[in-house]
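Below: one structure, written as structure tokens.
The values are calculated or read from the model by the stated rules, or taken from the named source; none is laboratory data. Note that this is a predicted model, so its numbers are computed, not measured. Glycine also receives a Cβ, built like all others from the backbone with ideal geometry; neighbour counts cover every protein chain displayed. Note: areas computed on protein heavy atoms with side chains; ligands, DNA, RNA excluded. Shrake-Rupley method; radii C 1.70, N 1.55, O 1.52, S 1.80 Å.
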Amino acid sequence: MKLEQLDQALEAVLFVAGESVLISDLMNLLDVQKSEIKASAERLKKKYGEDCGINFMVFNNRLQFCSNPAFADSVAAVLNPIRQKQLTKAAMEAMAIIAYKQPVTRLELEQIRGVNCDYAIQVLMGHKLIEVTGYKDAVGKPALFGTTEEFLKRFGLESISKLPEYNKLLEEIKALGQERERGLYNEFEITNNGQGAEEEPPPFEYDENAVAVEVDGSQDDDNQSPTEA
């Protein structure tokens, strides 16, 4: 593969991946040598330098794009409201899938939804709508998630066997979201034995250090620590 083609291939792969990719995976799948990957990475680090809105990271034998820390405030102003709305919808969709597929692992949930579900699980766990019900007998012993009594109370169900048809539950969940947008219903308002509602979890906060790092060419690429987007 020509140098220019390799640079362009890395740009395309890392842009679509949206997260770090192992150099070894790139070597195998693009059929190139490690020296070629690292040389291409150096060129991309120069191309996406301090004057660019996007920077290029090399760390722990991984490559990744990140935002320029100089634009952290601008990124936060635009993305925070969008992410809050999307993650709210994601949490509700994840809740419906867990209800019907339980017990289910995070990986299985992500395979169904096709996106990362860490935040959705965090939200649902924080409001006691789902819980860890056990651990799968597989490599790594991943946690299995299921619904809670609070979930049953929220939807007025006697038991999980009384779940409505899947599409109907999705419609009910969407309706709750629409009511929340109109200010008629707090999506995660859960009363606690008459002691009032739990606080809604803090909104997703944009962390400058979580999406951008400065690339110091004097450092050893393989030993840099990532702070991912």
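With respect to (1) over 18 Å from the mean Cα position of the chain (by Cα); (2) on the phi > 0 side of the Ramachandran plot, the lone exception for Gln33 is condition (2).
Return yes when Gln8 is surrounded by fewer than 19 Cβ atoms within 10 Å (Cβ to Cβ), at pLDDT below 90 and out of contact with any helix residue (DSSP H, G or I) (no Cβ under 9 Å at 6 or more places or on another chain) and no when it is not. Criteria not met by Gln8.
Residue check: Leu44 meets all listed conditions (1) buried (at least 19 other Cβ atoms within 10 Å of the Cβ); (2) within 18 Å of the chain's Cα centre (by Cα); (3) not hydroxyl-bearing (Ser, Thr, Tyr) but one, namely (2). With a requirement of 1 or more residues that are over 30 Å from Leu6 (Cα atoms) and touching a helix residue (DSSP H, G or I) at 6+ places or on another chain (Cβ under 6 Å), the helices (runs of 4 or more DSSP H) lying completely within the range 41-159 that satisfy it span 72-101, 106-113, 118-126.
Considering the range 122-143, and only residues there that are open to solvent by 90 Å² or more (accessible area, probe 1.4 Å) and of a type outside the set (Ser, Thr, Tyr), the residue that is nearest to Ala91 (Cα to Cα) turns out to be Gln122. For first residues located in the range 22-40 and crowded, with 16+ Cβ neighbours inside 10 Å, partners that are among the hydroxyl-bearing types (Ser, Thr, Tyr) and lie 6+ apart or on another chain with Cβ distances below 9 Å form the pairs Val32/Ser40. Residues of the range 59-115 that are open to solvent by 30 Å² or more (accessible area, probe 1.4 Å) and aromatic (Phe, Trp, Tyr): Phe65, Phe71, Tyr100.
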